Amino acid sequence: MNKIDEKFQELVTELKRKSKEDIFTNIKDIYSKQTPEVKLALENYFTTFDYWGKLKESEGEYESLYLRATSLKEHVNDYEWLYNRLKDYRSKKLLSAILNNWYHFEIVKQSIETNYNQYWDLDIIKPTNEEVFVDIGAYTGDSILTYIENYGINNYKKIYAYEITPESIEQLKNNTRYYPNIEIRKKAVLDKVQKVYMNTNIEGSSANQVSDTGEEILEGTSIDIDILEPVSMIKMDIEGSETKAIIGCQNHIKNTSPKLMLSVYHNYEDLWKIPRMIEDMNPNYQFYLRCYGGELFPTEIILYAVKE
C-alpha cells in the first residue's frame with residue numbers, strides 16, 4: 001500500500017465508522033472555520049448551479065453539505081469499488097482528493113489536469129480515422145475543435161453534435177463550417193423520445209438544462225433511436241441529464257463499446273452512479289478520472305471509459 005492508497009483508506013475507515021449525522025456535523029463544523037472569501041465563493045457557486053443543493057450559512061441553510069454527507073456515508077462502498085476499478089494512480093489520487101474536499105474542504109489543486117485538453121487525454125483516448133463521434137452537449141463546438149486540434153481532421157469519419165440552445169447552435173454551425181461530415185442536431189438527448197423544455201441558466205447558455213417546464217419546447221430523443229449506425233465515441237456534458245442519456249445509449253454501449261467521456265460533476269451521486277451504470281451495461285471497460293477545474297470545489301470531472 002502506498003501513500004495514495006493509505007490516505008484513501010483512512011477516509012473510508014472514518015466514513016464507515018461514523019454515522020451520517022456525525023459526518024454532516026463534521027463537514028458543517030469545518031465549513032464554519034473557512035474564511036469569508038471561501039464561503040462567499042462556494043455559496044455563490046451553489047446558488048448559480050443549484051443541482052448541488054443550497055448553501056447559505058447566514059440563513060442556516062446547509063442542504064448542499066447534508067447531500068455530500070449522505071453521499072459519503074450511504075455510498076462509501078461504491079466509492080471504494082470505484083477506487084479499486086480505476087486503472088491509474090492519477091485517477092485514484094483524484095478520487096481521494098474529491099472525497100477529501102467534500103469531507104475536509106481540502107484544496108484539490110495538485111489533482112487538476114493541466115497536460116491535456118478536457119476530454120482529450122492523449123494517454124487514454126486514441127482515435128482512428130473511422131471514428132463516429134457523438135458530442136452530446138456540443139455547446140459552441142469547443143470540444144469538436146479541440147478534438148480536431150489534438151488528433152487532426154483525418155481522425156474521424158462522422159461527428160454528430162447535439163445541442164439545445166439556439167444561440168449556441170448558431171455559433172456551433174459557424175465554428176465547424178469548414179470541417180466535413182459534422183451533423184448538428186437540435187435535440188435533447190434522453191432515455192426515450194418525448195417533448196421537454198429548456199430551463200435557461202442566468203450564468204450562461206452552457207448551463208442550460210432540460211426540464212419538465214421552461215421557455216422553449218424541445219424534441220427529446222435517445223441515441224439508440226436517433227443514430228442507427230455503430231458509434232465509436234461518445235462525449236457527454238448535459239448539466240445533470242447524463243444518467244438518462246446513458247440509458248438511451250445503452251444498446252451502443254453494450255454492442256460496440258464506444259469510448260466514453262462523461263461528465264460526472266453535476267451532483268453528489270454521478271461520481272459513483274455513472275461508473276456503476278456503465279459496468280452493468282458492459283463490464284469490459286477500463287475507468288479513468290480526470291478533473292479540469294475548481295480548486296475550492298472540484299468541477300469539470302470527467303469519467304473516461306475505454307474498452308480493455
Practice item. State the number of residues belonging to the range 22-68 that are free of Cβ contacts under 8 Å to residues at least 12 places away in the same chain, charged (D, E, K, R), in a helix (DSSP H, G or I) and over 19 Å from residue 265 (Cβ atoms). Key: 4
Exercise for review: Could you run through the range 225-237 and say how many residues are touching a helix residue (DSSP H, G or I) at 6+ places or on another chain (Cβ under 7 Å) and either within 19 Å of residue 53 (Cα to Cα) or open to solvent by 10 Å² or more (accessible area, probe 1.4 Å) (or both)?
Suggested key: 2
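Considering only residues of the range 144-184 that are assigned to a loop (DSSP other than H, G, I, E, B) and touching a Lys or Arg at 6+ places or on another chain (Cβ under 8 Å), which is most open to solvent (accessible area, probe 1.4 Å)? Before the answer, list the steps.
Narrowing the range 144-184 to residues assigned to a loop (DSSP other than H, G, I, E, B): 152-157, 163-165, 176-181.
Imposing the further condition that a residue be touching a Lys or Arg at 6+ places or on another chain (Cβ under 8 Å) reduces the set to 163-164, 181.
On the way: 163: 17, 164: 20, 181: 92 Å².
Residue satisfying both the conditions and the ranking: 181.
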Review point. Taking the range 113-150, which residues are free of Cβ contacts under 8 Å to residues at least 40 places away in the same chain and of a type in the set (D, E, K, R)?
Key: 123, 126, 142, 149
Study note, to complete from the structure: Within the range 238-276, residues surrounded by 18 or more Cβ atoms within 10 Å (Cβ to Cβ), out of contact with any strand residue (DSSP E or B) (no Cβ under 9 Å at 6 or more places or on another chain) and among the hydrophobic types (A, V, I, L, M, F, W, C) come out as 272
Practice item. Would you please name the residue that is most open to solvent (accessible area, probe 1.4 Å), looking only at residues in the range 114-143 that are closer than 30 Å to residue 65 by Cα and out of contact with any helix residue (DSSP H, G or I) (no Cβ under 8 Å at 6 or more places or on another chain)? Key: 114
Exercise for review: Could you grab me the full set of residues in the range 277-308 that are open to solvent by less than 20 Å² (accessible area, probe 1.4 Å) and small (Gly, Ala, Ser)?
Suggested key: 293, 305
Point to revise | Condition check for residue 208: in contact with a helix residue (DSSP H, G or I) (Cβ under 9 Å, 6 or more places away or on another chain), at pLDDT below 95 and buried (at least 21 other Cβ atoms within 10 Å of the Cβ) | key: yes
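The values are calculated or read from the model by the stated rules, or taken from the named source; none is laboratory data. Note that this is a predicted model, so its numbers are computed, not measured. Counting neighbours? That spans all protein chains shown, and the Cβs are built from the backbone with ideal geometry, glycine included. When the accessible area is computed, the model is the full protein with side chains, heavy atoms only, and any ligands, DNA or RNA have been set aside. Shrake-Rupley method; radii C 1.70, N 1.55, O 1.52, S 1.80 Å.
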